[in-house]
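Report on one structure; see the data block that follows.
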Amino acid sequence: LTQAKYLHSGVEIYHGGQVERQEALQVETALAKALQRQEFQVYYQPLIDAHSGRAVKIEALLRWKNPTLGMRSPAEFIPILERSGGIVPVGQWVLNEACRAAATHPDLRVAVNLSARQFSQGDLPGTVRQALQASGLPPHRLDLEITESLMMQSPERAATVMGRLKETGARVILDDFGTGYSSLSYLARFPLDGLKIDRSFVNALSETSGQAIIRAIVQLGSTLGLEVVAEGVETPEQHALLKQLGVPLLQGYLFGRPQPQLPDTPG
Ligand code: C2E
Ligand code: MG
Ligand code: MG
Ligand code: MG
């Protein structure tokens with residue numbers, strides 16, 4: 001009996017693995033055609049001034065809906081696009097969409113996420129300049145979000161490209177701060193304009209150690225002249241604590257989920 005059970009589960013595991021591989025292949029094939037088939041959409045999530053409660057910025061977040069595979073998460077498909085190189089044209093499309101949308105608003109700033117591939121392949125500064133020109137968005141209203149792993153992958157190249165990105169007039173923000181492996185000395189060495197405190201630290205706010213970490217990041221940011229944002233704010237308690245800790249900009253489900261339209265225009 002024991003052996004039969006074992007065999008049975010063995011077959012199931014094998015079968016499950018095959019189904020998963022088949023689905024992964026389906027996703028990859030569909031993803032390669034998704035841009036051309038207009039299956040991508042950009043959603044926008046507000047960033048709120050902690051004091052006034054008003055939206056001052058939006059983050060552009062990519063969404064993919066395929067007729068047969070349904071809605072897929074960026075956590076799943078962005079890594080696939082990075083591996084295939086598809087993130088280069090898709091990233092360019094996101095930049096154009098986000099700049100065009102932000103330009104319809106009188107003063108909102110917009111943040112666009114960048115991948116390592118966009119740094120190492122093609123002419124990213126030229127792409128950014130084109131998106132700004134085509135949309136008419138004033139350059140200081142565009143933020144480019146990068147990650148620590150992107151900076152650490154090839155620091156020399158990253159610093160060079162970042163310098164050229166800054167020449168376009170856009171600003172560069174370090175996303176998911178505190179989750180990577182960069183040394184603090186990098187913060188001063190790279191031409192950064194801001195830091196986004198990762199959601200995991202906001203989650204840990206109920207512990208005194210979590211508060212201490214955020215207090216330290218806020219201090220570091222103000223010493224280095226960096227704009228500090230906290231992401232993943234979900235409760236009024238977190239909002240109150242972050243405001244008290246001096247975090248000027250907040251983002252999270254408490255203020256609004258990513259949605260296909262811009263937040264309401266003031267007035
Ligand atoms: P990210 O840049 O750190 O974006 C923030 C993520 O946190 C988004 O997930 C957002 O929906 C989610 N989020 C916002 N507020 C809350 C909250 O209060 N609670 C929780 N639990 N989550 C919250 P999303 O849209 O699924 O994107 C995941 C990641 O995919 C992004 O993380 C970013 O790294 C990447 N990504 C998304 N769009 C693009 C893109 O156009 N290009 C590139 N290269 N990467 C992108
Ligand atoms: Mg981001
Ligand atoms: Mg983030
Ligand atoms: Mg994050």
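Here are some notes:
- Seen from Leu245, the other residues with C-beta closer than 14 Å to its C-beta sum to a net charge of 0, counting Lys and Arg as +1 and Asp and Glu as -1.
- Build a GNM of the chain with springs between Cα atoms under 10 Å apart, and of Leu142, Leu81, Leu184 the one that fluctuates most is Leu184.
- Relative contact order of region 73-136, pairs being alpha-carbon contacts under 8 Å that are 6 or more residues apart, as %: 42 percent
- Between Arg257 and Ile80, the C-beta separation translates, for a Förster distance of 22 Å, into a calculated FRET efficiency of about 0.35.
- In the calculated pair-distance distribution of region 155-267, the portion above 17 angstrom amounts to 58 percent of the Cα-Cα pairs.
- Zone of Gln22's modelled label, taken as backbone nitrogen in region 34-72 under 19 Å from a point 7 Å along Cα→Cβ: 67-70
- Reduced Cα scattering model of the chain, Debye log10 I(q)/I(0), q = 0.11, 0.12 Å⁻¹: -0.67, -0.78
- With a simple spin-label model that places each label point 7 Å from the Cα along the Cα-to-Cβ direction, the separation between Leu220 and Trp93 comes to 3.6 nm.
- Residue exposure sequence - Val90, Val19 - by fewest surrounding Cβ within 10 Å: Val19, Val90
- 25 °C / 0.890 mPa s Stokes-Einstein diffusion coefficient of region 100-230, Kirkwood radius on C-alpha pairs, µm²/s: 158 µm²/s
- Environment charge of Ile173, counting only residues whose C-beta is closer than 14 Å and scoring Lys/Arg +1, Asp/Glu -1: -4
- For Lys65 and Asp264, the difference between the fully extended length at 0.36 nm per residue and the C-alpha to C-alpha distance is 69.1 nm.
- Proximity of backbone amide H atoms, modeled 1.01 Å from N, is registered between Gly256 and no other residue at under 5 Å, excluding neighbours fewer than 5 places apart on the same chain.
- Prolate/oblate/rounded label for region 35-193 (Cα gyration tensor, a/c 1.5): rounded
- Set of lysines with alpha-carbon distance to Lys57 below 26 Å, sequence-local pairs under 8 removed: Lys65, Lys166, Lys196, Lys243
- For region 195-267, relative contact order (Cα pairs under 8 Å, six or more residues apart, normalised by length) works out to 32 percent.
- Relative contact order computed over region 21-103 (Cα-Cα under 8 Å; 6+ residues apart), in percent: 24 percent
- Compactness of region 222-267, expressed as Rg and Dmax over alpha-carbon positions, Å: 12.6, 36
- Sites Lys243 and Asp193, calculated FRET efficiency, Cβ-Cβ separation with R0 35 Å, nearest 0.05: 0.95
- Taking 0.36 nm per residue of sequence separation and removing the Cα-Cα distance, the Tyr43/Val56 pair yields an extension gain of 3.1 nm.
- Pairwise centroid distance, computed over Cα atoms, of region 60-116 with region 223-263, Å: 21 Å
- Counting Lys and Arg as +1 and Asp and Glu as -1 over every other residue whose Cβ lies under 11 Å from the Cβ of Thr147, the net charge comes to -4.
Every number here is computed from the coordinates shown, using simple stated rules; none is lab data. No experiment lies behind these values; they were computed from the predicted model shown. Virtual Cβ from ideal backbone geometry, glycine too; neighbours counted across all protein chains shown.
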